[in-house]
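Read the structure below first, then the notes.
No lab work stands behind these numbers, since they all come straight from the coordinates. Computed from a prediction, not measured in an experiment: that's the story for all the values here. All Cβ positions, glycine included, derive from the backbone under ideal geometry; neighbour counts span all protein chains shown.
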Amino acid sequence: MLLVLATAGCNNRAPQFAPNRMAMIEAQLVDEHQQQITQELTELFGTPDDPRVPEGVDLDVELLQMAAGQAGYEKDEYGHEYQQRGLYRQHCASCHGITGDGRGPAAAVLEPYPRDFRPGVFKWKSTRLASKPTDDDLLGVLQRGVSGTAMPSFGLLAPEQLDALVEYVRYLAIRGQVERELIATVADELDFDPAAGTTDEPFVPAEDEDDQAMVDDVVASIVQSWQSPTEQIVEPDPQTMPADERTDAQMAESIEAGRQLFLSPRAKCTDCHGADARSIVVKDYDDWNQAVFDFRQRSATLAAQIARDRENLPGLDSSLAKSARERLTSESRRLKQRGQVSEELLAPQLARPRELADGVFRGGDRSIDLFRRIHQGVAGTPMPGQGSPRPGVEGALSEQEIWQLVDYVRSFLHNSD
Amino acid sequence: MRMFGLLLAVTCWSLIATPAPAEDGWGTLRGKLVLEGTPPEAPKLDLGKDEFCCQAEPKDQSLVLDKSQGIANVVVYLRPERGEELAVHPDYQKSADEPVELDNKGCAFEPRVVTVRVGQPLLLKNTDPVGHSVKAELGDESFNFMLSAEGDQKLEFDKAQRLPRPISCSIHPFMQGWIVVRDDPYMAISGEDGTFEIKNLPAGEHEFQFWHERPGYLKTGKSSSAELDRRGRLKVTIKPGDKTDLGTIKVDSRTMAVESE
């Protein structure tokens, strides 16, 4: 065993980004299209050692290069050694994976699992639910860490190194989003025969104008989704914001109002977080785990269908039996492919609503952090927003009520000491 | 940045460009979807502990058949070619601003499938005496918010979705609906008896997409005059002033039971 590990460690081949096999198999893409998409992604984004930025995408290549590749050091003007390469691989990849798929070597033993950046969805941010995080949001997560999870604080890194990591996370997210969209586009628009595993319409953007137009459209739409997230920051109305200085009595009154709201059927908080803010009700998956759950469900349905078809085969007359056997062969091949992909995936974990009474808040514990969390909900999770879903309309709760909930929830902070 | 500029220019152009008139007139497409074979078993819903929902007792609606085995909630829509601009009949221009309603009623989405055009308001309502939340993953236009008892919320979408997208309630995970957002109005949902009709289509050859939540692309479907391909697509020539009837399209019950080709 040791020998095997040692050999693996000595493997000098440059690491590659792993293709999003789950999305590819789910879309029933044929091998040729899978390889062509992967090739196009290398064309657009380069490799883990040598990142590239597609035209029109707002990413700083110099920062990316600091994060990419293997750890490398240089001396500064005072003769101090500082890290100039490989920050992501040194600090992040063991959990988040080289590809940013949240499946690094350490991921399987963690709960919750490390974030998979590829869908481009982030939970801890100041912006509206569907908007991307700002650079400051991502920086804040790196500086703070995520309390109650395995994500530590990287606050001791130099500011420029943190900037490089933020840029690299955005790079992996944008790359992952482009990959998903290319898969969906090819699966929807190009012709292929999943039963035979062949296509007469290869995906070759370098040679085909229409294929290139598909790529340009996909990249442009992802670029647009990352355009100016700072304009999407949720800013509370100054009129209803609590005063900076409040007396103990005022504070107690607000906390009590928040507690009443928390318990009310109107806010529905207790349905998931429990009446004591501790006895949580686990119901559902977040979007990342749901996708894996759905993938496994569909595999199970397919397996059941194959078993039934096998059982029925002897009873069929010869004319029907031929096509039934062909179908069985192709379905069995698909099931085998799905099985191989399943092995790469992490068993889905149910989303655990926060046990608020512990006073540990993952996305930051400042009043404004919790205000935005309750106002917009948490992207990619079951947690809905209580505030207005878009500017200018009323939400289920008023901003004043949300501040009262914030005060109540923050009253548990002392429990975390 | 050049690419974004280009995108912006394209978007602005489509805003000022008036739809081309259909020189060749307008026609209708209709048909009826019917399940052939034994209907697959309906899964039971786990209604959790909500008192109101347990009393309302919503049933699984992932496959709704009438006595003739007509299949409800099949989505049929025109699938334009990349970059194709479709002429829009004046009747549809009138209905472009009419809100589409989606109610939370008896702990179920009513209707289960809604179609909405880009820019057309979607009125999300909750007529139940309990709070619901509504969640949909629509890329940049995703949402997930609380809908108070007897409350409502109006939304509009700027971007079409390639395929119908699921809509759910985090408080009541057994609730399931679907939302179809398209650039043009040429879409329909089959009714209780499995029939559908899309009126005032621009004459000419078009490709139509057939979709149902169980299999996704409706992989099988055959009538005396038409056969869906493996992605549930069919090319049809719409004749001016004419109703093209695809007849009874039979769907193999296997298709509705399992994700298979």
Mean ellipticity per residue at 222 nm, deg cm²/dmol - from DSSP H runs of n ≥ 4 across chain A, formula -39500 (n - 2.57): -15000 deg cm²/dmol
Could you give me the ³J(HN,Hα) list for the stretch A:35-51, computed from phi with Karplus coefficients 6.51, -1.76, 1.60 and θ = phi - 60°, whole Hz, x at Gly and Pro? 5, 5, 5, 4, 5, 5, 5, 5, 4, 7, 10, x, 10, x, 8, 9, x
Label-point separation (nm) for A:ASP244 and B:ARG233, each offset 7 Å from Cα along Cα-to-Cβ? 6.2
State the Cα centre-to-centre distance between the stretch B:77-117 and the stretch B:202-261 in whole Å. 19
Placed amide H near B:TRP178: partners under 5 Å, 5+ positions off or other chain: B:VAL113, B:VAL114, B:ILE167
If amide H atoms are modeled at 1.01 Å from N in the peptide plane, then the residues at a separation of 5 or more from B:GLY27, or on another chain, having amide H under 5 Å from its own are B:ASN200, B:LEU201, B:ALA203, B:GLY241
Cβ-based net charge around A:GLU62, under 12 Å, with every Lys or Arg adding one and every Asp or Glu removing one: -3
Which of B:LYS199, B:LYS49, B:LYS154 moves the most in a Gaussian network model of chain B with Cα springs under 10 Å? B:LYS49
Under the Karplus relation 6.51 cos²θ - 1.76 cosθ + 1.60, θ = phi - 60°, what is the ordered set of whole-Hz ³J(HN,Hα) values for the stretch B:132-138, x standing for Gly and Pro? 10, 10, 10, 10, 9, 9, 10
Please identify, among B:VAL181, B:VAL118, B:VAL74, the residue showing maximal mean-square fluctuation in a Gaussian network model of chain B using a 10 angstrom Cα cutoff. B:VAL118
Quick check on my link table: of A:LYS125/A:LYS268; A:LYS132/B:LYS219; B:LYS49/B:LYS125; B:LYS59/B:LYS219, which ones sit more than 32 Å apart, alpha carbon to alpha carbon? A:LYS132/B:LYS219
Phi angles of the stretch A:224-237, converted by Karplus (6.51 cos²θ - 1.76 cosθ + 1.60, θ = phi - 60°) into ³J(HN,Hα) in whole Hz with x for Gly and Pro, give 4, 5, 9, 5, 6, x, 4, 6, 9, 5, 7, 9, x, 5
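If you put +1 on each Lys and Arg Cβ and -1 on each Asp and Glu Cβ, how big is the dipole of the protein assembly as shown around its Cα centre, in Debye rounded to 20?
Numbers: 74 positive and 111 negative charges, 432 e Å.
In total the dipole reaches around 2080 debye.
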Could you give the angle, 0 to 90 degrees to the nearest 10, between helix A:399-410's Cα long axis and the longest principal axis of the Cα atoms of chain A? 90
May I ask which residue of A:PRO236, B:ALA87, B:ALA56 lies farthest towards the positive end of the charge dipole of the protein assembly as shown, with charges of +1 (Lys, Arg) and -1 (Asp, Glu) on Cβ and the Cα centre as origin? B:ALA56
Going by how many other beta carbons lie within 10 Å of each one, how would you line up B:LYS59, B:LYS135, A:LYS125, A:LYS283, fewest first? B:LYS59, A:LYS283, B:LYS135, A:LYS125
Most mobile listed residue (A:ASP248, A:ASP188, A:ASP136) in chain A, GNM with C-alpha springs under 10 Å: A:ASP248
How far is helix A:287-312 tilted off the main Cα axis of chain A, in degrees rounded to 10, range 0 to 90? 30
Among the aspartates and glutamates, select those whose C-alpha is under 14 Å from the C-alpha of B:LYS44, and discard any that sit fewer than 8 residues away in the same chain. B:GLU57, B:ASP60
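Tell me, A:ARG327, A:ARG334 in order of fewest to most beta-carbon neighbours within 10 Å? Walk me through the numbers on the way to the answer.
Values: A:ARG327 17, A:ARG334 21.
Placing the least packed residue first, the sequence is A:ARG327, A:ARG334.
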If amide hydrogens are placed 1.01 Å from N in the peptide plane, which non-local residues have theirs closer than 5 Å to the one on A:GLY395? A:SER388
Between the alpha carbon centres of the stretch B:156-173 and the stretch A:38-52 the gap in Å comes to 32
Mind jotting down the distance between the C-alpha centroids of the stretch A:181-204 and the stretch A:109-157, whole Å? 35
